[in-house]
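Note sheet for the following structure.
The values are calculated or read from the model by the stated rules, or taken from the named source; none is laboratory data. Remember, it's a predicted structure, so these values are computed and weren't measured experimentally. For neighbour counting, all protein chains shown are included, and Cβ atoms are generated from backbone atoms with ideal geometry for every residue, glycine included. Just the protein is used for accessible areas: all its heavy atoms, side chains included, with ligands, DNA and RNA removed. Shrake-Rupley method; radii C 1.70, N 1.55, O 1.52, S 1.80 Å.
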Amino acid sequence: MRHCSLGKVLLYLLALIPVAGSAQTSASLTGYLRDEVSGERLNAASVFSLTDNSGTRTNAYGYFNLKLKSGHQRITVNMVGYYPDTIVLTLDRDSTLDLHLRVRNHQLSEVIVNDADKSHLSIGQMNKAALRPAEIKALPRLAGEVDVIKAFQLMPGVRSGKEGSSDLHVRGGGPDQNLILLDGVPIYHSSHSLGLFSVFNADAIKSAELSKGGFPSRYGGRLSSVLDIQLKEGNRDHFRYDVSTGLISSKLLVEGPLKSDNTTFMLGARRTYLDVFAALAQARAQNKTSYGFYDLNAKVNHQFSSKDRLYFSIYSGNDRLRTSYQSATGDDENLNSLSWGSVTSALRYNHLFSRSLFGNLTLTYTKYQFEVRNLYRKESEETDYSLSYLSKIGDAGFKTDFDYIHSNNHFIRFGSNMVVHHFSPNVTRLKSVDNGLPLADTALSNNQIRALEYYLYSEDEIRLSDRLQLNAGLHFSGFNVQQKHYFSLQPRINVNWLLTERDALRASYVTMSQYLHLLTTTGSGSPADLWIPSTRNIAPQKSWQGTIGYARTLSKNYEINVDGFYKEMNGIIEYTQGASFLDDNPEAGLIEEASQSFDSKVSTGAGEAYGAEVFLKKTNGNTSGWIGYTLSWSNRLFEDINNGKAFPYKYDNRHNLSMVANHQLKKGIRLSATWVYNSGLPATVPLSSYLYYDENGLNRGSIENVNVRNNIRMRSYHRLDLGISFIKQKKKGERIWNISVYNVYNRRNPYFIDVGNHSSNGRTYAREYSLLPVIPSFSYSYSFK
């Protein structure tokens, strides 16, 4: 009833808002905003009339529509990372004008916020953290890799999972509660190298934006955050090449026009050479281990006319970890492999129906697959044994989005989405031949679940006055699975109130539903985690979140944001006490997984998270950076776990502090540093153990007594990373050498805790193990045309 009441209030509020009108003659100024050199369309940029004191922002495809009084006009255009521009014109009728901005160079002064634009920020920019590729590349690197996920982990309210992982835990949420979009298509698993690096090639990224709360109605399907990553469209003016190599991988990006500037393309590829080095080092060894990954990004777009444009983008990536043994005679062979990968694609069509109505139609396809294979062969005994486990997801979707610019005071969005899911959670196959006789050739489990997910949304970004803005909307979603139909009506409201030219208050209330779950024993986004849908026995996850914040521009160079949040979550699932995906015997674990339905091994519970965030940022000058601090609590409650009592979430840490600094030492030399501190994470250890004996009096082991979940905390985590870049402008491009050191003072940060007994005296010990020591690295990149 609470949500319905709020929805009615919201509808009444929208109905009472007057439509802006004027008796004076007016005209519309429309067009697209582009990068002056590459021709890339620029989204979320400010287009503002200094004459009328009224403005708008470009949409996701760079389109703007500004309704102004006829006559003399001064228009200013602003976007972070670009030089602002002012245009003087006489407007006597509806006109179209394409605008261009010139990107700032790689000096740190490019990170600038224009104070004049502060008063006209749209509510859609609240509760968001945006990073440009230049900012991401300026940070110190792990093993020479530029990583967008690790950059966002330095923001308040966001933390990583375990040491070095590239997953996100946002405001007390889990890794499955983040909607990660690549060109509008969801990514299910976003990491390489068992979590050390993300799958996103920074050279191919045009923009990256993380929403932590106050989600607009156009987003849905996850509880905690939205990470929206857009790929480059391709340079319209000339061919451009980016080549880079680092400690573990190399990258290549090519972009440019095809025949004419109406058609452009972008192609980016990255591959590790760890497997190549391993093969050379183990050429004569009987036991071999190798690991490798690759990813590929491609995008083509064609402009049919000023009103019609077609895009096609695709991503493909794969990881493979392999161990093998072969006897000297070749008679014995044993092979174990672990592989995972994704394919995503999107076909989008833009059409400008009128100056006020912009439409976008998108067809999407997603595939994610995780596979374990165990093979054994002994030729002399005619023995052949294989066991495979496969978990995969296939999605096909259809999406429509419309932007209707009713006036400078009303930016209305509405649309729909429909996705057909095909889940194969645990397909297990066993084949065995002994002494030439087939013993087994069977599928132990072959679960197939089909589901239909859909949503409709509408939202209005409303400017009630020069100082008061709000974004109000509704999101309606449904999920049809196993003859069960779930649905949810989710009101959303965000308010931004400018107290003065320098001070603002903001508040939001949102409700969210999530129809997918991630079964995990680690909580850190491992590829072995099992994605499952809501079923007739497992209800969707639901949440509501309220936030309140204060923002102040301290000076031309400094700004501060303080936010408080509270979030409640229901329908969260975990493995029941003692259940897991794999036990100490991986083969037995695969067979055990196949013998039971996944929904018989889960427990459903609730969670809450609350806290406060402080973000102080310096945005201009030779030295820039930020300090982010989070004080937070995150708890879970399950009826049949921890005796039905609440316990801290496995990634609940009270204090999180990140400090980022970039300094232009002199022309061509840039320094960077990050320091991170997290208070200790919870862990579960047995409080006591008991020996037990069989009927003959023989010791059969011990029983551990664990009566409280997450009953201790590990040591605190802190780390310093440093980097230096040497930048040189060449005749046709730019060369950059980067040297970085990860974990400079070699802090042995806890990765996990192990409990055992000393063989000498039988006493119990608890020992923390670390993963990543100090790691120096280098990378070389060259951009040219």
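Miscellaneous remarks
- Failed item, numbered, when S217 is tested on (1) hydroxyl-bearing (S, T, Y); (2) under 30 Å from S250 (Cβ atoms); (3) buried (at least 22 other Cβ atoms within 10 Å of the Cβ): (2)
- Residues located in region 490-511, provided they are of a type in the set (A, V, I, L, M, F, W, C), in a strand (DSSP E or B) and either closer than 15 Å to E459 by Cα or open to solvent by 20 Å² or more (accessible area, probe 1.4 Å) (or both): I493, V495, W497, L505, A507, V510
Matching residues to (1) part of a helix (DSSP H, G or I); (2) in contact with a Lys or Arg (Cβ under 9 Å, 6 or more places away or on another chain):
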{"position": "L223", "(1), (2)": "no, yes"}
{"position": "T245", "(1), (2)": "no, yes"}
{"position": "S250", "(1), (2)": "no, yes"}
{"position": "L267", "(1), (2)": "no, yes"}
{"position": "A278", "(1), (2)": "yes, yes"}
{"position": "A283", "(1), (2)": "no, no"}
{"position": "S290", "(1), (2)": "no, yes"}
{"position": "K299", "(1), (2)": "no, yes"}
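Yes or no, residue by residue, for (1) closer than 24 Å to T56 by Cα; (2) hydroxyl-bearing (S, T, Y); (3) in contact with a Gly (Cβ under 9 Å, 6 or more places away or on another chain):
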| residue | (1), (2), (3) |
| --- | --- |
| S290 | no, yes, no |
| Y311 | no, yes, no |
| E333 | no, no, no |
| Y349 | yes, yes, yes |
| L352 | yes, no, yes |
| L357 | yes, no, no |
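- Yes/no for L375 being open to solvent by 30 Å² or more (accessible area, probe 1.4 Å) and modelled with pLDDT of 95 or more: no
- Region 190-214, residues that are open to solvent by 10 Å² or more (accessible area, probe 1.4 Å), at pLDDT 90 or above and farther than 16 Å from E135 by Cβ: K212
- Selection status of G341, within 28 Å of L253 (Cβ to Cβ), in contact with a Leu (Cβ under 8 Å, 6 or more places away or on another chain) and among the small types (G, A, S): no
- Only one of N350, N374, N336, N318 that is of a type in the set (S, T, N, Q) and more than 31 Å from the chain's Cα centre (by Cα): N374
- Criterion: over 26 Å from the mean Cα position of the chain (by Cα) and more than 26 Å from R236 (Cβ to Cβ) - qualifying residue of N65, N53: N53
Yes/no matrix, rows are residues, columns are (1) modelled with pLDDT of 85 or more; (2) assigned to a strand (DSSP E or B):
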residue	(1), (2)
G21	no, no
Y32	yes, yes
I75	yes, yes
I87	yes, yes
T90	yes, yes
R93	yes, no
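- Total residues in region 249-290 satisfying the condition of being crowded, with 20+ Cβ neighbours inside 10 Å and within 21 Å of R322 (Cα to Cα): the figure is 3.
- Among residues of region 630-672 being open to solvent by 20 Å² or more (accessible area, probe 1.4 Å) and in contact with an Asp or Glu (Cβ under 7 Å, 6 or more places away or on another chain), the one that is nearest to I572 (Cα to Cα) is N635.
- The condition (being open to solvent by less than 50 Å² (accessible area, probe 1.4 Å), modelled with pLDDT of 80 or more and among the aliphatic types (A, V, I, L, M)) is satisfied by just one residue among I739, I724: I724.
- Subset of region 59-95 [among the hydroxyl-bearing types (S, T, Y), open to solvent by 10 Å² or more (accessible area, probe 1.4 Å) and under 18 Å from I405 (Cα atoms)]: Y61, S95
- Residues of region 378-413 satisfying the condition of being modelled with pLDDT under 85 and among the aromatic types (F, W, Y): Y385, Y389
- Every residue from region 636-653 that is touching a Leu at 6+ places or on another chain (Cβ under 7 Å) and either modelled with pLDDT of 90 or more or part of a helix (DSSP H, G or I) (or both): A646
- Positions within region 159-189 being open to solvent by 20 Å² or more (accessible area, probe 1.4 Å), part of a strand (DSSP E or B) and more than 25 Å from W675 (Cα to Cα), in sequence order: P186
- Candidates in region 266-315 are the residues that are of a type in the set (G, A, S) and more than 32 Å from the chain's Cα centre (by Cα); of these, the one that is modelled with the lowest pLDDT is A283.
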